[in-house]
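Please read the structure below before turning to the comments.
What follows is calculated from the coordinates using simple rules that are stated; it is not laboratory data. Computed from a prediction, not measured in an experiment: that's the story for all the values here. Every residue, glycine as well, gets a Cβ built from its backbone with ideal geometry; the counts of neighbours run over all protein chains shown.
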Amino acid sequence: MKLVTYLKDEVDHLALLVDGQLYNLQDLHPDLPSNMNMFLMMWEDVIDLAKSVDASLKSGQRATKAQGIPFESVHLLAPVPFPTSCRDGYAFRQHVAAARRNRRVEMIPEFDQYPIFYFTNHNAIQGPGNIYCMPDHFNKLDFELEAAIVICKAGRNISAAEADDYIGGYMIMNDMSARTLQMEEMKLNLGPAKGKDFSTVIGPMLVTPDELEAFKVPAKEGHVGNNYNLQMRCWVNGKQVSQGNMSDMDWTFAEIVERCAYGANILPGDVIGSGTVGTGCFLELNGTGKLNDPNYQEQWLQPGDVVEMEIDGLGILKNTIVEEENDFSILALKKNV
């Protein structure tokens with residue numbers, strides 16, 4: 001299934017996407033929930049019914065009450081507009097190794113020992129559309145091309161071997177980053193915080209694992225969990241800047257979930273990102289460019305830039321960078337400078 005959340009009359013609605021048309025779940029069957037949060041909370045009770053209805057739509061059958069709405073005509077929200085939490089992982093060795101090489105430091109051996117993650121601001125989750133940024137954000141403003149999952153049932157102390165059963169679906173994620181804020185605070189070995197908390201973008205849809213079965217490939221040697229051969233790409237103002245593949249994840253989502261759930265409850269609505277794919281941000285691209293050519297001109301996101309991300313099977317996530325009308329700076333508040 002492809003699940004879409006959109007805004008109508010100031011209310012979030014949950015719909016199935018079939019052949020470019022949206023069908024509200026409650027119009028399809030009265031026992032189906034009207035929004036994503038309810039759907040995730042009721043997952044085990046409604047998932048089979050939802051899949052049956054989806055199959056009927058795909059076969060050409062239409063429920064009497066259900067009217068299709070063109071996908072391109074609605075105000076899209078994040079597929080999971082109100083996540084219970086948001087974590088971001090660090091799963092792509094290529095990105096980590098390149099970023100460390102560009103800083104002229106050795107690859108950290110702990111990367112290959114366990115998957116790590118950090119918590120980010122789940123209240124800053126947004127979908128396609130404008131990303132509003134403050135002046136300090138534009139001091140090395142960056143995108144990060146990632147995939148993400150949402151948890152669909154509660155659990156605790158889950159093994160990687162069973163963790164895929166807790167994944168409701170997959171989305172594109174753009175983990176926006178204000179690099180100067182991020183690097184300044186991380187000198188104190190805490191964070192990222194202000195460098196990340198203004199926007200994390202997911203969308204444009206949530207795709208359930210059954211839709212991706214044909215793309216499944218083995219996990220890397222020594223690893224456990226589902227892995228998918230899905231091309232990942234990013235364009236800025238129509239120019240492609242990034243290219244990768246979900247199959248390059250060195251740590252699977254199942255292994256990341258295992259670590260998240262160790263001694264802690266994971267809940268329906270928890271969003272977990274993969275971390276940046278190799279070449280998936282300007283920080284890495286600029287570092288590689290300058291390493292190869294001292295005269296390389298760095299690129300960062302600017303007001304008006306359009307960022308488009310695509311992952312095979314997961315759609316295209318499109319955002320425009322917008323400058324807020326506010327000149328307040330927290331960088332200017334630093335003491336003893």
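Observations on the model:
- Annotation: the residues GLU146, GLU310, sorted from fewest to most other C-beta atoms within 10 Å of their own C-beta, follow the order GLU310, GLU146.
- Net +/- balance of residues flanking CYS281 in space, Cβ distance below 10 Å, scoring K and R +1, D and E -1: -4
- Using a Förster distance of 25 Å, the FRET efficiency for THR320-GLN240 (Cβ separation, nearest 0.05): 0.90
- Hydrodynamic radius by Kirkwood, which averages 1/r over all alpha carbon pairs of the range 56-117, in angstrom: 16.8 Å
- Using alpha-carbon coordinates, inclination of helix 282-292 to the longest axis of the chain, degrees: 40 degrees
- Label-to-label distance, nm, for residues given as HIS29 and LEU291 (7 Å Cα→Cβ offset): 5.2 nm
- Convex hull volume of the chain per residue (C-alpha atoms, cubic angstrom): 148 Å³
- A cut-off under 10 angstrom between Cβ atoms defines the neighbours of THR252, and their net charge, with Lys, Arg +1 and Asp, Glu -1, is -3.
- GNM top mover of GLN243, GLN94, GLN67 - the chain, alpha-carbon springs below 10 Å: GLN67
- Across the range 1-155, C-alpha contacts under 8 Å between residues 6 or more apart give a mean separation that, scaled by the residue count, equals a relative contact order of 24 percent.
- Of PHE253, TRP235, PHE328, farthest towards positive along the dipole that unit charges on Lys, Arg, Asp, Glu beta carbons give the chain: PHE328
- Computed per residue of the chain from DSSP H runs no shorter than four, each worth -39500 (n - 2.57), the mean residue ellipticity at 222 nm is -5500 deg cm²/dmol.
- In a reduced charge model with +1 at each Lys and Arg Cβ and -1 at each Asp and Glu Cβ, the chain shows a dipole moment near 640 debye about its Cα centre.
- Degrees separating the helix 93-102 axis from the principal Cα axis of the chain, which is the longest one: 20 degrees
- Taking 18 Å as the limit for the C-alpha separation, the pairs LYS153/LYS196; LYS140/LYS194; LYS196/LYS290 exceed it in the case of LYS153/LYS196; LYS196/LYS290.
- Shown is the FRET efficiency for VAL105 and PHE138, computed with R0 = 25 Å from the Cβ-Cβ distance and rounded to the nearest 0.05: 0.35.
- Linear extension gain, ALA161 paired with LEU188, 0.36 nm per residue minus alpha-carbon span: 6.1 nm
- Fewest-first ranking of THR208, THR120, using other Cβ atoms within 10 Å as the exposure measure: THR208, THR120
- The label-point distance for ASP48 and ASP327, in a model that sets each label 7 Å from Cα toward Cβ, rounds to 6.4 nm.
- Distance between the pseudo-spin-label points of PHE119 and ASP312 (7 Å out from Cα toward the beta carbon): 3.7 nm.
- Look at ILE149, ILE330, ILE69 and count the other Cβ atoms within 10 Å of each Cβ; fewest to most, that gives ILE330, ILE69, ILE149.
- Computed on the Cα atoms alone, the convex hull of the range 135-217 gives a volume of 145 cubic angstrom per residue.
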